[in-house]
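Asker: Before I ask anything, here is the structure I am working with.
The values are calculated or read from the model by the stated rules, or taken from the named source; none is laboratory data. This structure is a prediction, so every number in the text was calculated from the model and none was measured. Here the Cβ positions follow ideal geometry from the backbone for every residue, glycine too, while neighbour counts run over all protein chains shown. These accessible areas exclude ligands, DNA and RNA; they are computed on the full protein's heavy atoms, side chains included. Shrake-Rupley method; radii C 1.70, N 1.55, O 1.52, S 1.80 Å.
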Amino acid sequence: MNNLLKAAGLLPLHLVFLAALGCSPTNPAPAATQHDEPEALARTEFTDRIENFFEYEPLQAGKPSQFRIHLTDLSDGSPVEQAKVSLTVRRPHETANVSEIVAKVGKVTGIYVAEVTVGQAGSYDIEFHIKNGKLDERLPLTDFKVE
């Protein structure tokens with residue numbers, strides 16, 4: 001009789017467990033909706049003196065694209081501090097219609113932020129100029145597509 005009572009006492013627990021399994025929704029909640037923002041692009045480039053890792057939103061004519069620039073001094077591995085960072089944007093082999101953007105110093109040492117807006121679709125070159133008390137580096141890069 002004692003075993004029967006123990007089994008009977010466990011029966012409600014089994015029913016609760018089975019009921020809980022049966023209560024799971026047949027249509028799971030929809031996944032969080034994704035924004036229509038394109039995924040950021042990333043690139044790492046070097047001079048003899050610096051590493052420039054930067055992320056940017058795909059370039060679209062007439063729309064600002066944020067460049068998040070992470071600079072490292074390769075002589076000692078430290079972040080590049082208190083630099084003036086400027087980006088010069090131009091079409092390949094053009095000297096007219098050149099745009100220069102000065103990046104703002106970020107909240108974290110070695111990170112700089114620039115808003116780049118290009119007026120027309122096409123292919124562009126961007127030269128990074130990094131200057132502080134320790135260094136003066138230019139990093140010309142090509143093949144930035146603007147849609």
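Asker: Based on this model, can you work out whether LYS145 counts as basic (Lys, Arg), under 16 Å from LEU41 (Cβ atoms), in contact (Cβ under 8 Å) with a residue 60 or more places away in the chain and exposed (fewer than 14 other Cβ atoms within 10 Å of the Cβ)? Reasoning before the result, please.
Answerer: Values: basic (Lys, Arg): yes; under 16 Å from LEU41 (Cβ atoms): yes; in contact (Cβ under 8 Å) with a residue 60 or more places away in the chain: yes; exposed (fewer than 14 other Cβ atoms within 10 Å of the Cβ): yes.
Answer is yes for this residue.
Asker: Can you tell me which residues in the range 119-132 are modelled with pLDDT of 95 or more and not in a strand (DSSP E or B)?
Answerer: ALA121, ASN132
Asker: Scan the strands (runs of 3 or more DSSP E) fully inside the range 48-116 and keep the ones with 1 or more residues being acidic (Asp, Glu) and surrounded by fewer than 16 Cβ atoms within 10 Å (Cβ to Cβ).
Answerer: Numbers: elements: 50-56, 64-73, 84-90, 99-102.
Qualifying strands (runs of 3 or more DSSP E): 50-56, 99-102.
Asker: A follow-up question, please. How many of the residues making up the range 133-142 are part of a strand (DSSP E or B) and either hydrophobic (A, V, I, L, M, F, W, C) or open to solvent by less than 30 Å² (accessible area, probe 1.4 Å) (or both)?
Answerer: The initial filter retains those residues of the range 133-142 that are part of a strand (DSSP E or B), namely 136-142.
Now narrow it down to the ones that are either hydrophobic (A, V, I, L, M, F, W, C) or open to solvent by less than 30 Å² (accessible area, probe 1.4 Å) (or both): 139, 141.
Total satisfying the criteria: 2.
Asker: Mind counting the residues in the range 109-137 that are touching a residue at least 24 places away in the same chain (Cβ under 8 Å) and closer than 15 Å to ASP73 by Cα? Explain how you work it out, then say what you get.
Answerer: Taking the range 109-137 as the starting set, the residues that turn out to be touching a residue at least 24 places away in the same chain (Cβ under 8 Å) are 109-135, 137.
Pick out the ones that are also closer than 15 Å to ASP73 by Cα and you get 109-112, 128-135, 137.
Going through the range 109-137 one residue at a time, the tally reaches 13.
Asker: Only residues in the range 48-71 that are charged (D, E, K, R) count as the first member; pair them with residues that are part of a strand (DSSP E or B) and open to solvent by less than 10 Å² (accessible area, probe 1.4 Å), Cβ under 6 angstrom, at least 6 apart or cross-chain, and list the lot.
Answerer: GLU57/SER65
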